[in-house]
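S.K.: Have a look at this one.
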Amino acid sequence: MMENKKSLYRTYRPSTFKALAGHKNIVDILVKQLKENKISHAVLFAGQRGTGKTSVARIFAKSANCTNLADGFCCEKCENCFSANNNSAPDIFEIDAASNNGVDEIRGIKNNVSTLPVLGKYKVYIIDEVHMLTKGAFNALLKTLEEPPAHALFILATTEYAKIPATIISRCQTFNFQKIDKSSLKDRLKLISKEEKYIVSEEVLNEIFYLSEGSLRDALNILEQLMIVNDSEINIESLKAIFYIATKHEKIAIIESIINGEFERVINYFEKADGQGMDFDVFALSLIEIIKEVIEYKLTNNVDFLRVLEKDDLKVIQLSSLETMFRLADNLSEAYAKTKGTTVSFNYLLISLLKSVADIKVKDKNQPTHSIEKTEETKIMGEDSQKTNIKIINVEEEGKDTSQEKVDFESKTSIDTKNIQEQTYKDSMTERKVNENLEKLLESQNQLNNLKQESRIIDNSINKKDEATKIVNESTTLLLSELANLQSLEILNNSDQESHSVELSNIINLLVGAKKEFRDLIDKKIAQWFELDENNKLIHSEKAQVFFPFYKAKVSAVSKQEILIKCDDFAQAKLLCLKLENREFRQKVFKEFGREFIIYAIDSNKWEDVKIEFKNLKVRNSLPTRIEVGVFEYYDSLAKSKLEKTLNNDLIEGAAKIFDIEEIEIGE
Ligand SMILES: [Zn+2]
């Protein structure tokens, strides 16, 4: 059992970049700057709590003053490293803007910064939660940042990037700290458990990741609580004793119940779990992960893809069709996204699962003997779709689980589910209407109040954008990590923008005319932009900087007139859509491709939807006839609808000015 001592988070705060969990892109850039002796005088670390901003700040501060740097990494032996590790470095100053609004502290810096450092090369000021500074303190800081002495290094950290004045941002090199990835977090937990002489099961590590939502600090706090009440071994039962979560076997059983159409078992499990205080957000996420593994396994037949599951776990689940799994994943993701952190997650998640059962049953009824066994992405997208060959196999061969009892059960319960669905739908519609009205009212009010501020915000965002490109322009030898950082910054800068949506019918139209040789050509072209030399530097640095929104994106399909790009996440797909709305950017891309194209960008979730829809149409022999679309017409109509939206907003704003909004009663 763990004794009462310093928290795990403090004890195991990494002291070198090599020991740090995750953030490889950011570390690569900082180490490169240290190595080349080209560090910026001010950096800004933005990102949610517990992601390691302070740890990186401290290591960077120490490394900047290390007298014996090896390849950009601090030595941990020199006097400066030693004093930094003891928190007694005379040249490193830490200020927590959250505990004092900082005017005096910042003025103190202003006076103090001009004198030379005592031991090291730099005087380093780490200002945590910098968004909490008062206006006066920000102004004082700005004066210092405008003309910093050569020996000054400012490391600003914030959880609220949007609250930082543009004038400050434009003087800093900004880094966006994303949530820590699963394997980095688990590696760190494993290492610490080993040091503390605990054996922690893989299943527990996975569950801690979901519970902590990518915050290493939260993850270590959970591990610590478990160590306090357990001796040397932590298994899923010990975790369940403190945090009510479902075991892997319970989750598998739920998925099996869904496949088998057992409504009652699903409902019973939910009611019991709710009574015990289950966190349904965590439950939804871990169900999605299991389904993802089942899909991967079914597509590849390769056990190497299994992380949570073992082969034995798949016995029943793998009998279901791929389509069922995709549908289940969709329903779950939707339920999770809509209700995360709300009190309705229990009800909504349950309904989404029941909906999945009902969907599967309806589908089985309509198509009693056929299901798609396995298709390869390349098969559908690559070749001319007319030649595509999808294997059809008999369901009866797969599963012998359609007993008479279940058929009876279905006829008893399907009506109830339908009622539940309809009722919920109606409720949510009324609720949505009320919310919409309220939102509209609030929006107009805000617009009235913020008219003056708005123009300032727009100016800010323009500055921020210029800054993001500037960072890269200054660097001559660009690394991939810098490109990734630029991309994530642009995503941050554009987070309040709305992009056009890509219509499913348009994509289907593309897929009908898709040609593999076209895709190979475009694929090659994009890969060229990001080609690396033997030192891992970008060969075509300039092109990479222009076309960075495409970095890591995949070409899914290409027809004579259209290109479909798939991005790992929604944020990147949105960024790409926004960029493509810009004519100048588009022209540059077209020039590279040798001709004009309509370019659709979607995220991997939508891609899964598209594949299902395409397969459904294909199986039913009802794929639409291809329509040739004009590139110019498409982008022209896009621009027009965007303009219309802006005009509408102006109208609302105008109305808000004419009427005294506060006089309008809500609820009439
Ligand atoms: Zn050192």
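S.K.: Skipping prolines and chain starts, which residues have an amide H placed within reach, meaning under 5 Å, of the one on residue 177, given they are 5 or more residues away or on another chain?
M.R.: 46, 47
S.K.: So who's got an amide H within less than 5 Å of the one on residue 95, skipping anything under 5 residues away but keeping other chains? H placed 1.01 Å off N, in plane.
M.R.: 126, 127, 128
S.K.: Also, I was wondering about something else. Can you list which of the trypsin sites (Lys or Arg not before Pro) found in region 607-649 are DSSP loop residues with at most 11 other C-beta atoms within 10 Å?
M.R.: Here the trypsin sites (Lys or Arg not before Pro) that fit, given the DSSP loop and packing criteria, are 620.
S.K.: Given the Cα-Cα distance of residue 560 and residue 196 and 0.36 nm per residue of separation, how much length would full extension add, in nm?
M.R.: Here the segment from residue 560 to residue 196 would lengthen by 125.0 nm.
S.K.: Here is a follow-up. Determine the principal axes of the Cα atoms in region 475-629, then give the extent along each, sorted from largest to smallest and rounded to whole angstroms.
M.R.: Principal axes ranked by extent give 54, 35, 27 Å for the Cα atoms.
S.K.: Kindly work out what percent of the DSSP beta bridges joining two residues of region 23-179 are antiparallel, to the nearest 5.
M.R.: 5 percent
S.K.: A follow-up question, please. Give the order of 294, 619 when sorted by the count of other beta carbons within 10 angstrom, beginning with the fewest.
M.R.: 619, 294
S.K.: Given C-alpha coordinates of region 47-103, what is the ratio Rg to Rh with the Kirkwood estimate of Rh?
M.R.: 1.04
S.K.: Using a ≥ b ≥ c from the Cα gyration tensor of region 260-351 (square roots of the eigenvalues), is it rounded, prolate or oblate, where a/c under 1.5 gives rounded and otherwise the larger of a/b and b/c decides, a/b for prolate?
M.R.: prolate
S.K.: Tell me, 188, 13, 107 in order of fewest to most beta-carbon neighbours within 10 Å?
M.R.: So the residues, fewest neighbours to most, are 107, 13, 188.
S.K.: Here is a further query. Residues in region 55-70 near a label at residue 10, defined as backbone nitrogen under 19 Å from the 7 Å Cα→Cβ point?
M.R.: 55-59
S.K.: Considering only C-alpha atoms, what is the centroid distance from region 558-593 to region 254-331, in Å?
M.R.: 35 Å
S.K.: Now for a separate question. Calculate, for residue 604 and residue 146, the FRET efficiency according to 1/(1 + (r/R0)^6) with r their C-beta to C-beta distance and R0 45 Å; round to the nearest 0.05.
M.R.: 0.55
S.K.: Hey, what do the phi angles of region 338-347 turn into as Karplus ³J(HN,Hα) couplings, whole Hz, using 6.51/-1.76/1.60 and θ = phi - 60°, x for Gly and Pro?
M.R.: With the stated coefficients, region 338-347 comes to 6, 10, 3, x, 9, 7, 8, 4, 4, 4 Hz.
S.K.: With N set to the number of residues, divide the alpha-carbon radius of gyration of region 72-231 by 2.2 N^0.38 Å and report two decimals.
M.R.: 1.30
S.K.: Same structure again: Would you please classify the overall shape of region 501-571 from the alpha carbon gyration tensor, given that a ≥ b ≥ c denote the square roots of the eigenvalues, rounded means a/c under 1.5, and beyond that prolate means a/b larger than b/c while oblate covers the rest?
M.R.: prolate
S.K.: OK, next. Can you compute 3J(HN,Hα) from phi for each residue in region 513-530, using the Karplus curve 6.51 cos²θ - 1.76 cosθ + 1.60 with θ = phi - 60°, rounded to whole Hz and x for Gly and Pro?
M.R.: x, 5, 10, 5, 5, 5, 4, 4, 4, 5, 4, 4, 4, 5, 4, 4, 4, 10
S.K.: By how many nm would the segment from residue 337 to residue 36 lengthen if fully extended, with 0.36 nm per residue of separation less the alpha-carbon distance?
M.R.: Result: 104.0 nm gained on full extension.
S.K.: How do 74, 81 rank when sorted from fewest to most other Cβ atoms within 10 Å of their own Cβ?
M.R.: 81, 74
Here, each number is a calculation from the coordinates, and none is a lab measurement. The shown structure was predicted, so the numbers you read here are calculated from the model rather than taken from an experiment. Every residue, glycine as well, gets a Cβ built from its backbone with ideal geometry; the counts of neighbours run over all protein chains shown.
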